[in-house]
Amino acid sequence: MNFKPESCRNESEVISKLIVGYLLPRLGYFPDSWHQEIKFANKRLDFFRLAAPVITFALDTFTLAAPVITFALNKVKPIDIIIEIKHPKEKLVNHNRKLIHDLLKLNARYGLLTNGKELKIFEKNTNEDIRLIFECPGWEVTTRINEIRTVLGRAGSTPNNKTAVSLTKDIEKEPTSPASNTSAAHSKTSDASPQKVTGNEIKKVSNMKVIAIYHNKGGVGKTTVSVNLAASLAIKGKKVLLIDMDAQANTTFATGLIMFQFEEDDNIKNNYVYHLLESGDSNFIPEIVRRSYNFNTPELYVVPSHINLIEHQDKLNKIAVSRSRLLLKLEQVNDKYDIVIIDTPPSRDLYAEIPLIAADYLIIPSDLKPFANQGLNNVKKFVNRINEYREAIGRDPLIVLGVLPSKISTNSQFLKHTFPRQKSVVPERYKLPLMESIIYERTPLSNCLNRTKEEYNEEVPDKSIFKFCELESTPSAKQAAQDFELLALEVLNKIQ
Ligand SMILES: Nc1ncnc2c1ncn2[C@@H]1O[C@H](COP(=O)(O)OP(=O)(O)O)[C@@H](O)[C@H]1O
Ligand SMILES: [Mg+2]
């Protein structure tokens, strides 16, 4: 069902046809959550305040009675949505100030302003700064529903059209007493099983698991772990997608995708991870993904990165929805891959936020040296911030699989005396789980990531540690491959 702006002749038709009949069900807000409020508003409903994960109340602007506000503020979540509806003949621009005032006064995060012909979404950030983050004409609401959903939607739940239609009818027929029908609507829409969104459709979530490899310190082995864990899982028969979210593009390089020597031959810059984030309704994963080259048997599926990613950060930062685009696009391919591994940059900026929003699980590689260990506090704070956002979009908190000891010296004295102390700090001081696997410092691991033309005086493609072993089966290479096999087993065990 499409929304048609011309069907709205007055304010109440904007409410019934656009907001209640179309938008709210597609954002995942269920009819049973608002029937009482419609009764409460009595005559008309032109002001909602929604607190995720369920609507706590919806009110007429003129009935903002103190007890109800208090109730809502007590329950307030990081995301709050105010919706103000105007007559189709009213110009929205005349109402921006009022909405901004309401956002500040009610301490809400998002404000949606619409007259049916136009729709605008404002966001208040933590500095009380309010920005227009989305706008479109009414006739584009249907095609851009995914973008609206990434900002305002309850993730993972989208009631079907049937419910939306019946609710509209309820309101049109009996605006003050829809209660008799809402329990039936509830039983249809409150199905506890997870749902996913593809375009305007609903599909069951498959078993695809998304794992981010993250630490805000560089050089701790994130890329080495990402590519070799992905390779190990692929060897175990899993269909693995590897996503490079770091502008350094080391994963892209490691998987053999940078085959050009000169800029004019660059075949990545027009089709890499940025393009996934740039648009909500085009550039989907199947259009961006490539096969790794001479890297592993079987080869991996890779979404590459590019140094130009850095340049786009400011632009993407201005579009709040870009934060959830990776999550949405992964949901669209969740029947195509078993496991997604995301290599992340050593930062706490947008490019680190995006993978941690999209992931189900987190692995934190750390060499356990003082700086990396001290950095664990920052990782924890960052994860808490991400979890606030995830809660706001109705997503469960990130599951931390653990801190993975990485680049650990094989020196026996070190392993006897220092390593146990370094390890114990992780759960004791930083209250983070420690993984059982250990990735030791082994030269073949750095060779298989860093080997260049100069060293070998010929074009030598990069390799996973497993492929490397096939060619140079030294004890150290075999041990390194075994480290990664054990890691893959631990991961598979923990994510099932
Ligand atoms: N287990 C390891 N053994 C030997 N060298 C390693 C190991 N892990 C990483 N390295 C090397 O350390 C450097 C940093 O590793 P990398 O995986 O790029 O870290 P990050 O992605 O966290 O910046 C690279 O030169 C890499 O080859
Ligand atoms: Mg890296």
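The values are calculated or read from the model by the stated rules, or taken from the named source; none is laboratory data. It should be emphasised that the depicted structure is a prediction, and the values quoted were computed from it without experimental measurement. Positions of Cβ are backbone-derived with ideal geometry, glycine not excepted, and every protein chain shown enters the neighbour counts.
Any residue in segment 91-103 that is within 18 Å of Gly116 (Cα to Cα) sitting within a Cβ distance under 8 Å of a residue that is modelled with pLDDT under 80 and aliphatic (A, V, I, L, M)? List the pairs, counting only those 6 or more apart or interchain.
From segment 91-103, the pairs are Leu99/Ile82.
Just one of the numbered conditions (1) more than 20 Å from Asp281 (Cβ to Cβ); (2) in contact (Cβ under 8 Å) with a residue 24 or more places away in the chain; (3) over 23 Å from the mean Cα position of the chain (by Cα) is not true of Thr114; which one?
(1)
If you take the residues of segment 219-249 that are polar (S, T, N, Q), part of a helix (DSSP H, G or I) and within 13 Å of ligand 2 (Cβ to nearest atom), which of them is nearest to Asn207 (Cα to Cα)?
Only one residue tops the list, namely Ser226.
To keep it simple, each residue is scored yes or no on (1) modelled with pLDDT under 95; (2) touching a helix residue (DSSP H, G or I) at 6+ places or on another chain (Cβ under 6 Å); (3) closer than 12 Å to Thr224 by Cα; (4) of a type in the set (Asp, Glu).
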residue	(1), (2), (3), (4)
Leu434	no, yes, no, no
Asn447	yes, no, yes, no
Val460	yes, no, no, no
Lys467	yes, no, no, no
Leu489	no, no, no, no
Leu492	no, no, no, no
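Can you find a residue that is modelled with pLDDT of 95 or more, assigned to a loop (DSSP other than H, G, I, E, B), farther than 23 Å from Leu471 by Cα and among the small types (Gly, Ala, Ser) anywhere in segment 282-290?
No, that holds for no residue.
Counting just the residues of segment 300-326 that are at pLDDT 95 or above and under 19 Å from Met208 (Cα atoms), which one comes out surrounded by the most Cβ atoms within 10 Å (Cβ to Cβ)?
Going through the qualifying residues, I end up with Val302.
Could you say which residue among Ile408, Ile393, Ile386 is under 29 Å from the mean Cα position of the chain (by Cα) and modelled with pLDDT of 95 or more?
Criteria check complete, one pass: Ile386.
Kindly indicate which of Ala234, Ala212, Ala254 is surrounded by 24 or more Cβ atoms within 10 Å (Cβ to Cβ) and more than 14 Å from ligand 1 (Cβ to nearest atom).
Going through Ala234, Ala212, Ala254 in turn, just one is surrounded by 24 or more Cβ atoms within 10 Å (Cβ to Cβ) and more than 14 Å from ligand 1 (Cβ to nearest atom): Ala234.
Those residues that are within 17 Å of Ile319 (Cβ to Cβ) and assigned to a loop (DSSP other than H, G, I, E, B), I need them from segment 107-142; list them, please.
Arg109, Asn125, Asp129
Could you say which residue among Leu471, Leu415 is without any contact (Cβ under 8 Å) to a residue 60 or more places away in the chain, over 27 Å from Arg348 (Cα atoms) and loosely packed, with under 14 Cβ neighbours inside 10 Å?
After ruling out the rest, the residue left standing is Leu471.
Are any of the residues in segment 352-359 within 28 Å of Ile439 (Cα to Cα), more than 12 Å from the chain's Cα centre (by Cα) and within 16 Å of ligand 1 (Cβ to nearest atom)?
No - not one qualifying residue is present in segment 352-359.
Here are Leu401, Leu376, Leu362: which of them is part of a strand (DSSP E or B), buried (at least 16 other Cβ atoms within 10 Å of the Cβ) and within 16 Å of ligand 1 (Cβ to nearest atom)?
Sole residue among the options that is part of a strand (DSSP E or B), buried (at least 16 other Cβ atoms within 10 Å of the Cβ) and within 16 Å of ligand 1 (Cβ to nearest atom): Leu362.
Looking only at segment 420-434, which residues are surrounded by 12 or more Cβ atoms within 10 Å (Cβ to Cβ) and outside any helix (DSSP H, G or I)?
Arg429, Tyr430, Leu432, Pro433, Leu434
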